[in-house]
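Read the structure below first, then the notes.
The values are calculated or read from the model by the stated rules, or taken from the named source; none is laboratory data. Remember, predicted model here, so these are calculated numbers, not experimental data. When we count neighbours, we look across all protein chains shown, and the Cβ atoms used for this are built from the backbone with ideal geometry, even at glycine. Each accessible area value is taken on the protein alone, full model and side chains, heavy atoms only, with ligands, DNA and RNA left out. Shrake-Rupley method; radii C 1.70, N 1.55, O 1.52, S 1.80 Å.
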Amino acid sequence: MKTILITGGAGFIGSHVVRLFVSKYPEYQLVNLDALTYAGNLENLNDVADAPNYRFEKGDITDEVFVNDLFKRYTFDGVIHLAAESHVDRSITDPFSFIRTNVFGTAILLHAAKEAWKGAMEGKRFYHVSTDEVYGSLGATGFFTEETAYDPRSPYSASKASSDHFVRAYHHTYGLPVVISNCSNNYGANHFPEKLIPLAIHNIRTNKPIPVYGKGENVRDWLWVNDHARAIDVIFHTGVNGETYNIGGHNEWTNIALIHKLCEIMDRKLNREPGTSAQLIRFVTDRAGHDLRYAIDSTKLQNELGWVPSLQFEEGLEKTVDWYLANQEWLDNVTSGAYQEYYRKQYSRD
Ligand code: NAD
Ligand code: TYD
């Protein structure tokens, strides 16, 4: 019987990780710690909320007293740490909340784990979920490997890079058993519509302009969120302490090509004339410091731990659109209230 703490389990990726672990490991006790910020939504977990091996704890990872108490109330065997501020655009307007949660919050969790596991580190594991954005920006060629030097260029990536360094420091200094993974851009169900793909789906559905930053030439390497959750499962159970694993789909798209593909799919699903949705595309002011290209080399994970992505992108995108069209109430709920104000501020810069 293992007790695993998953932080940020009410968010996009975290909810898929919680669902996978709750269903795959009935013998584990899964504790989801989440502050339920604007990005956290317990509706993402309706289907597992009553599972006997699942518990929800509302709390903030930057609250040291709360976190230390949590580590006293439970005897955790492992931590899978996903809680974070995750949106680059928000990090540009409010960098301090990224430093608070991503750096300070991670340090508080590391410290609580170190204290709780003192003298008994054997069999324990602290898994830190990070991003490929710590490696900076690529030119037209090349890939990020685990050896690529860190070169974060946004407040978001700088905060994640800093948290990665703290995780390694706790391993080297205190012997904390850690693993880190750095993943490329995820897409799929329950993705908050401040990020490109769900924002575009939402706007196409409601006939609103689709904002494309700059010329739409930036490249991202997209991975289906369920494949990320599968990789986290594999790394958590079979990764080597102190190691880093890159996770990615070898699936590069310029933003504009991706948006055209989405428009095509949406036209078909909504029975619109081909070309209708693409008329909503608008090129808008570029993001400050916009990283040109991310692309992950996941050879190490594939060769050493045997993980491979399960889904082709076109199929994943179709599934994703189907999910949003079948869950319009979810979209309507998360885009009411504070979202409107965020959207107005973010997209009224032109
Ligand atoms: P998300 O923004 O959808 O979810 C973050 C979750 O963390 C939310 O449920 C939120 O309520 C919670 N949270 C935020 N601050 C908290 C705090 N102080 N205390 C407790 N809970 C808090 O993010 P996501 O896209 O699911 O990303 C999860 C993790 O994966 C992050 O660490 C992110 O850096 C990393 N990551 C994301 C991507 C991606 O494409 N989305 C890619 C690679 C890595
Ligand atoms: P995003 O989903 O925010 O992820 P990240 O910045 O972490 O890669 O953005 C993906 C790409 O889409 C990125 O190059 C920025 C761009 N983008 C737009 O062109 N328009 C938008 O409205 C948003 C949110 C992003």
(request) Within the stretch 68-96, track down each residue that is over 22 Å from Arg19 (Cβ atoms) and within 16 Å of ligand 2 (Cβ to nearest atom). (result) Glu85, His87, Val88, Asp89, Arg90, Ser91, Ile92, Thr93, Asp94, Pro95
(message) Restricting to the stretch 125-157, give me the number of residues that are out of contact with any His (no Cβ under 8 Å at 6 or more places or on another chain) and buried (at least 21 other Cβ atoms within 10 Å of the Cβ).
(response) 11
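If you scan the stretch 125-137, which residues turn out to be among the hydroxyl-bearing types (Ser, Thr, Tyr) and assigned to a loop (DSSP other than H, G, I, E, B)?
Within the stretch 125-137, the first condition is being among the hydroxyl-bearing types (Ser, Thr, Tyr), and the residues that meet it are 127, 130-131, 135, 137.
Within the stretch 125-137, just Ser137 meets the criteria.
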(request) Take the stretch 95-124 and flag every residue that is in a loop (DSSP other than H, G, I, E, B) and open to solvent by less than 40 Å² (accessible area, probe 1.4 Å). (result) Trp117, Lys124
(message) It is to be established whether one or more residues within the stretch 6-18 are more than 7 Å from ligand 1 (Cβ to nearest atom) and without any contact (Cβ under 8 Å) to a residue 60 or more places away in the chain.
(response) yes
(request) Give the stretch 183-201 a look and list any residue that's open to solvent by 10 Å² or more (accessible area, probe 1.4 Å) and either among the β-branched types (Val, Ile, Thr) or more than 10 Å from ligand 2 (Cβ to nearest atom) (or both), or say none. (result) Ala189, Asn190
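Going by what's in this entry, would Phe283 be described as assigned to a helix (DSSP H, G or I), in contact (Cβ under 8 Å) with a residue 60 or more places away in the chain and of a type outside the set (A, V, I, L, M)? Reasoning before the result, please.
Details: assigned to a helix (DSSP H, G or I): no; in contact (Cβ under 8 Å) with a residue 60 or more places away in the chain: yes; of a type outside the set (A, V, I, L, M): yes.
No: the conditions fail for Phe283.
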(request) Please give the number of the condition Gly275 fails out of (1) within 16 Å of ligand 1 (Cβ to nearest atom); (2) at positive phi. (result) (1)
(request) Answer yes or no: is there a residue in the stretch 331-338 that is closer than 29 Å to His128 by Cβ and either open to solvent by less than 20 Å² (accessible area, probe 1.4 Å) or of a type outside the set (Asp, Glu) (or both). (result) yes
(request) For the stretch 161-178, state whether one or more residues are over 22 Å from Arg230 (Cβ atoms), within 11 Å of ligand 2 (Cβ to nearest atom) and in contact with a Pro (Cβ under 9 Å, 6 or more places away or on another chain). (result) no
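Consider Ala229 carefully, then state whether it is surrounded by 19 or more Cβ atoms within 10 Å (Cβ to Cβ) and out of contact with any Cys (no Cβ under 8 Å at 6 or more places or on another chain).
Working: surrounded by 19 or more Cβ atoms within 10 Å (Cβ to Cβ): yes; out of contact with any Cys (no Cβ under 8 Å at 6 or more places or on another chain): yes.
In short, yes.
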(request) Run down Arg230, Arg220 and say which single residue is of a type in the set (D, E, K, R), modelled with pLDDT of 95 or more and away from ligand 1 (no atom under 13 Å from the Cβ). (result) Arg230
(message) Quick check on the stretch 252-271. Is at least one of its residues acidic (Asp, Glu), without any contact (Cβ under 8 Å) to a residue 60 or more places away in the chain and within 16 Å of ligand 2 (Cβ to nearest atom)?
(response) yes
